[in-house]
Amino acid sequence: MMKKTLYFLPLALAVSCGNPESSSSESNEVTTEKIEVSEPKIVGKEVTYEGDSIIMKGYLAYDENLEGPRPGVIIVHEWWGHNEHTRNSAEKLAKAGYVAFALDMYGEGAQAEHPQDAQAFAGAVMQDFDGAKARFNASLDVLRSNSNTNANEIAAVGYCFGGGVVLNMARQGANLDAVATLHGSIGAIEPAQPGSVKGKILVMNGEDDPFVSAEAIESFKSEMETAGVEYEFVNYPGAVHAFTNPEATEKGKEFDLPLAYNKEADEQSWIKLEAFLADVFKK
């Protein structure tokens, strides 16, 4: 186990050093108090589970050196499927003090290599949203049942297609304290109604993303305000679709799609996400 060692001067010594009237005849013996702070030790493991009559393969991550239950975060992948990008996010959230579960919406950990396959996978899920809810809820069961998770403190994070999943779960009354999307779709299967959204919402969007029109943004904001949802919408200048995925630029060039990684927007949006979650869970 790697540990950092911090040393602190006792209060009495600090007072003595700052007091010119301290008697030189008094003992000025210096002692130190040693406090050890454990480095995160991230455990990541594949989890096979079932929902909507299919077998799914997700990835659970948490810090083994933290004690006691902590908030859980569900992560929903891009339309490419459950991949390293999603797993990396799970591990980063684990380092930040959460139990993170990167779910599998397609079954058997399926991944698309071509946009046509990705569109077919994502379209099939969203066209049968009752089935999508069953898959999402099965993943929630996995997260909540882990002994490290505080089952009463749950958030959901979604990328691209996954953003559409988590927003629509929130709109339809899922018991989530916080929902955040990164370059996610924002259209509604069923618009939010007053009281239907249980937690706060954060949407982080690429300002130059052609998949999210100005009209769609205004419609989303109007929907949230009409439903009385506490939300924030952030646009990152110069960022297009998939700005958090380091493989996006290559994918965009390969398939002539407006996809590109944006390091600045990626880093800023992650800082924003951590601050958002910390505020909701008072960490």
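The values are calculated or read from the model by the stated rules, or taken from the named source; none is laboratory data. Given the structure is predicted, the values throughout are model-derived calculations rather than measurements. Positions of Cβ are generated from backbone atoms using ideal geometry, with glycine treated the same way; all protein chains shown enter the neighbour counts. For the accessible areas, the whole protein counts, side chains as well, though only heavy atoms, and no ligand, DNA or RNA atoms are used. Shrake-Rupley method; radii C 1.70, N 1.55, O 1.52, S 1.80 Å.
Given a 1.4 Å probe and every protein chain left where it sits, what share in percent of the accessible area of the chain is carbon and sulfur? On the chain, the fraction of accessible area on carbon and sulfur atoms equals 48 percent. Shape class for region 140-278, computed from the alpha carbon gyration tensor (a ≥ b ≥ c): oblate, with a/c not under 1.5 and a/b at or below b/c. Between the amide H of Val234 and those of Val203, Met204, Asn205, distances stay under 5 Å, these residues lying 5 or more places away or on another chain, with hydrogens modeled in the peptide plane. Accessible area per residue for the chain, computed on protein heavy atoms with a 1.4 Å probe, is 50 Å².
Annotation: amide H of Ala239 within the under-5 Å range of Glu207, Asp208, sequence separation 5 or more or interchain, hydrogens built in the peptide plane.
Axis angle, to the nearest 10 degrees, between helix 129-145 and the longest C-alpha principal axis of the chain: 20 degrees. Take every DSSP beta bridge whose two residues both sit in the chain; close to 45 percent of them are antiparallel. Ranking Asp130, Asp279 by solvent-accessible area of protein heavy atoms (1.4 Å probe, all protein chains present), from largest to smallest, gives Asp130, Asp279.
Karplus-derived 3J(HN,Hα) values for region 76-90, using 6.51 cos²θ - 1.76 cosθ + 1.60 with θ = phi - 60°, are 10, 6, 5, 5, 5, x, 5, 9, 5, 4, 5, 5, 4, 5, 4 Hz; glycine and proline are entered as x.
Over the residues of the chain, the helix contribution to mean residue ellipticity at 222 nm works out to -11000 deg cm²/dmol, using -39500 (n - 2.57) for each DSSP H run of at least 4. Of the whole protein surface, Glu247 contributes about 110 Å² of accessible area at a 1.4 Å probe radius. Residue ranking by accessible heavy-atom surface, 1.4 Å probe, largest first, among His241, His183 comes out as His241, His183.
Computed from phi, the 3J(HN,Hα) profile of region 167-183 under the Karplus parametrisation 6.51, -1.76, 1.60 (θ = phi - 60°) reads 5, 6, 5, 5, 4, 9, x, 4, 7, 10, 6, 8, 9, 10, 10, 10, 6 Hz, with x in place of Gly and Pro.
If only the Cβ of Lys and Arg carry +1 and only the Cβ of Asp and Glu carry -1, the dipole of the chain around its Cα centre is close to 580 debye.
In this structure the amide hydrogen of Leu259, modeled in the peptide plane, comes within under 5 Å of the amide hydrogens of Gly252, none closer than 5 places in sequence on its chain. With a cut-off of 19 Å on the backbone N, the residues of region 133-157 near the modelled label site 7 Å out from Ile55 along Cα-Cβ are 135-136, 138-139, 142. May I ask for the angle, rounded to the nearest 10°, between helix 214-226 and the longest principal axis of the chain, with both axes built from Cα atoms and the value confined to 0 to 90°? That works out to roughly 70 degrees. Using heavy atoms of the protein chains and a probe of 1.4 Å, the accessible area assigned to Trp270 is about 30 Å². Here the calculated FRET efficiency for Gln119 and Ser222, from their Cβ-Cβ distance with R0 = 45 Å, stands at 0.95, rounded to the nearest 0.05.
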